[in-house]
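The structure appears below as structure tokens.
The values are calculated or read from the model by the stated rules, or taken from the named source; none is laboratory data. Predicted, not measured: the structure shown is a model, and the values here were computed from it. No Cβ is skipped: glycine too gets one built from the backbone with ideal geometry, and neighbour counts run over all protein chains shown. Accessible surface is based on the protein model in full, side chains and every heavy atom, while ligands, DNA and RNA are left aside. Shrake-Rupley method; radii C 1.70, N 1.55, O 1.52, S 1.80 Å.
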Amino acid sequence: MDVDELKHKLRELKRVEDRLRFGYYCNTAAKKYVWEDYFSTKSVNDLMVKYPLWKLSKLDKQALKEVFEEYFYSVYFQKYKDEGLSFDEIQDPSVLSYFGLTPGASIDEIKSRFRELAKKYHPDLGGSSEKMIEILEAYHKLMDKV
């Protein structure tokens, strides 16, 4: 997919998020899009987003599909959060991302990744205690849902 097609697709994704999360409200000033954390069409080298345009342009069709699925998972997660709905069985995508996991990761995948990171960053094994505390906090956020 060339850059112009990709920009068109990204703009389309933002419009879909707008309809999903905000309906047809005209107050545009208060809107905070999940899209803004994931994508940008303004600069090829924008490193302030999770998936800059240059990175997306190098992905194959399957990898792009996975990125878009992750994005929509985050959109729906935010929609449920905004509406105050209970989503006990849905994990926070930002915490899953911290662990390097995709949305929808299983409990076994979370535990396995936690063990890997704990072995790497545990202070008794030469790791950083601050990093280990961050990992523990993220793990508890995920496991409190279980």
message: Over the chain, with a Gaussian network built from C-alpha contacts below 10 Å, which listed residue (Ser129, Ser40, Ser97) shows the highest mean-square fluctuation?
response: Ser129
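Between beta-carbons, use under 15 Å as the cut-off and find the net charge around Asp60, counting Lys and Arg +1, Asp and Glu -1. Intermediate results must be reported in sequence, preceding the final value.
On the way: positive: Lys9, Lys55, Lys58, Lys61, Lys65; negative: Asp2, Glu5, Glu66, Glu69.
So the surrounding residues net to +1.
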query: Between the helical axis of 61-82 and the dominant principal axis of the chain, each derived from Cα atoms, what acute angle in degrees is found, rounded to the nearest 10?
result: 80
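With a sphere of radius 11 Å drawn around the Cβ of Tyr33, what net charge do the other residues whose Cβ falls strictly inside it have (Lys, Arg +1; Asp, Glu -1)? Present the calculation step by step, with values, prior to reporting the outcome.
Working: positive: Lys14, Arg15, Arg21, Lys31, Lys32; negative: Glu17, Asp18, Glu36, Asp37.
Surrounding charge for Tyr33 is +1.
Return one whole number: the accessible area per residue of the chain in Å², for a 1.4 Å probe. Walk me through the numbers before you get to the answer.
Numbers: 9560 Å² over 146 residues.
Result: 66 Å² of accessible area for each residue.
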task: Give a residue-ordered list of calculated ³J(HN,Hα) values for the stretch 97-111 (Karplus: 6.51 cos²θ - 1.76 cosθ + 1.60, θ = phi - 60°; whole Hz; x for Gly, Pro).
output: 5, 4, 7, x, 10, 8, x, x, 4, 7, 4, 5, 5, 4, 4
